[in-house]
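A.B. asks: Structure in structure tokens, see below.
The values are calculated or read from the model by the stated rules, or taken from the named source; none is laboratory data. Given the structure is predicted, the values throughout are model-derived calculations rather than measurements. Glycine gets a Cβ as well: all are built from the backbone with ideal geometry, and neighbour counts include every protein chain shown.
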Amino acid sequence: MTTSSDLLKESFGDETIVALSTPMGKSALAVIRLSGSDAFKTVATYFFKRRSDGELYQTNIENANRHFGLIIDDKRVIDEVVISLYKAPHSYTGEDVVELTCHCNPFIIKEILNLLLRNTRLAKPGEFTQRAFFNNKMDLTKAEAVGDLLNATTLRSHKAAISQLEGSLYNKISSLLSELTRYRAELELEIDFVEQDLPELDLNELKAGLKRLYHNLTELLTTGQEGLVLREGLAVVLVGEPNVGKSSLFNVLLETNRAIVHQTPGTTRDYLEESLSIDGYLIKLYDTAGLREAQDEVELDGIARTELLLNNAHRIIYVEDGRELVDNYKDIVFEEHSSKLIKVLNKSDILDKETLESYRKQGYLICSAVTGEGVEALKQKVVEFFHIDPETLDSGVLTNVRHINAVQRSKDKLETALQSIAMGLGYEFIAFDLKESSEALEEVVGRITSDDILNQIFEDFCIGK
Ligand SMILES: Nc1nc2c(ncn2[C@@H]2O[C@H](COP(=O)(O)OP(=O)(O)O)[C@@H](O)[C@H]2O)c(=O)[nH]1
Ligand SMILES: [Mg+2]
């Protein structure tokens, strides 16, 4: 464990970094970003303005925040650009930053990058955001939210990312931490001044306070189950015998023709994955090969993967079509995964009334991939998983495994503290437990972090962010 500023010195030194912050390709404009103490100087070396008489000249670019001019290498004009200057600490990274907007053509971009790289080095993935974190421009939950925001594709995952970026989780953790700190201070006072005539610590009051805190941590942890899914998507798997219409339902749900629909059983050999949005929730929908005894190797492989999918699924849609089926896997799905099971009877358009009625009585949702009957109800059934309301999102939700593990650890240590009180152990022991509980929470916002965790977080970013 090291503090943030130590890490900064170790991992960066004083290097100025540069990267293309927009995608490589052809479009109207591209943005190249530099950050570090040499950012202004580096750009100024190649930046020229042209007087009305045509003559080129260089200026002190720090005289204004924005300039229009030319990037020139040894008298060769490379492009017309706009540069925007952000003076430390009033920038994204907290360092001197330049954003250079040029024409977006891979050739031009490479030419400009090559020039700038004479005095700088290429940024690592997420390094701009990492520097922002190290320079205290944002805590770790906000840095992570930047990544989530870049990946959000639905209304709700976007909402979760934005509210985390706005500090909802940070504020939540901070308030829990300050409460914890208050209790620790009370204990420390008691330990340090045991000889003196202080009013005695009310153990019952402390216990009640810690229990309240324990309850709050428990509540926060329950948001993690959904927060995680909100961000990564709800995994929904379509299973059932060949030919019952899984691929047809898959397509109807996606409103495309992604999966191959075929009259020959077992057409879908492996599984297909597609993302869709239902009520603004991100859903990862999987269409699988039939769950029957495999005939050949390809199908066998598909079935093994299907079983893995079932174990990892949040929702399983088990499809039948009214025929008597000999399905060895039906029992497994119904028995082992009943809590996440949605039973569907498909092909309602060609089934008789009695059949429909008897399935309905057994709790099947009646659907038709052909007429679209029941498809809306099926979608609603899928998102019944979610209970988080928008207000909860704004008051802070755990959205990744790192958060969840750290809060769990904090809660465990708090439990130990409560046990220490119950066992009548000395204040030193309780104080120690509370310190560990605090430290776990501090990890969430990044006040204490290990190198490994940081690298892992920022590795997932793209270069230039
Ligand atoms: N009448 C009717 N036929 C359907 C329906 N859904 C699928 N089918 C047909 O059933 C056959 C098998 O469908 P498919 O989606 O490939 O089944 P899968 O093997 O479970 O993926 C195809 O001929 C589809 O056109 C439905 O709701 N009604
Ligand atoms: Mg299929």
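A.B. asks: Return the residues of the stretch 342-401 that are away from ligand 1 (no atom under 16 Å from the Cβ) and among the acidic types (Asp, Glu); say none if nothing qualifies.
C.D. replies: Glu354, Glu357, Glu384, Asp389, Glu391, Asp394, listed by residue number.
A.B. asks: Working only within the stretch 352-385, note down all residues that are at pLDDT 95 or above, surrounded by 12 or more Cβ atoms within 10 Å (Cβ to Cβ) and part of a loop (DSSP other than H, G, I, E, B).
C.D. replies: Of everything in the stretch 352-385, those that are at pLDDT 95 or above, surrounded by 12 or more Cβ atoms within 10 Å (Cβ to Cβ) and part of a loop (DSSP other than H, G, I, E, B) turn out to be Tyr364, Cys367, Ser368, Ala369, Val370, Thr371, Glu373, Gly374.
A.B. asks: Hey, among the residues in the stretch 266-288 that are in a strand (DSSP E or B) and within 11 Å of ligand 1 (Cβ to nearest atom), which one's modelled with the lowest pLDDT?
C.D. replies: Leu272
A.B. asks: If I filter the stretch 312-319 for residues that are at pLDDT 90 or above and of a type in the set (Ser, Thr, Tyr), do I get at least one hit?
C.D. replies: yes
A.B. asks: While we're here: Let me confirm something: among Glu190, Glu195, Glu219, Glu200, which residue is part of a helix (DSSP H, G or I), farther than 30 Å from Pro89 by Cβ and at pLDDT below 90?
C.D. replies: Glu190 is the lone residue from the list that is part of a helix (DSSP H, G or I), farther than 30 Å from Pro89 by Cβ and at pLDDT below 90.
A.B. asks: Could you list, in sequence order, all residues of the stretch 121-156 that are among the acidic types (Asp, Glu) and assigned to a loop (DSSP other than H, G, I, E, B)?
C.D. replies: Asp139, the sole residue that qualifies.
A.B. asks: Identify all residues within the stretch 158-191 that are farther than 16 Å from Thr141 by Cβ and in contact (Cβ under 8 Å) with a residue 40 or more places away in the chain; write none if there are none.
C.D. replies: Residues satisfying the conditions are Leu180, Thr181, Tyr183, Arg184, Leu187, Glu188, Glu190, Ile191.
A.B. asks: Which members of the stretch 425-465 meet the condition of being outside any helix (DSSP H, G or I) and β-branched (Val, Ile, Thr)?
C.D. replies: Ile448, Thr449, Ile463, listed by residue number.
A.B. asks: Is at least one residue of the stretch 24-41 of a type outside the set (Ser, Thr, Tyr) and without any contact (Cβ under 8 Å) to a residue 40 or more places away in the chain?
C.D. replies: No, that holds for no residue.
A.B. asks: Restricting attention to the stretch 51-90, report how many residues are polar (S, T, N, Q), farther than 17 Å from Leu20 by Cα and surrounded by 11 or more Cβ atoms within 10 Å (Cβ to Cβ).
C.D. replies: Of the residues in the stretch 51-90, 3 are polar (S, T, N, Q), farther than 17 Å from Leu20 by Cα and surrounded by 11 or more Cβ atoms within 10 Å (Cβ to Cβ).
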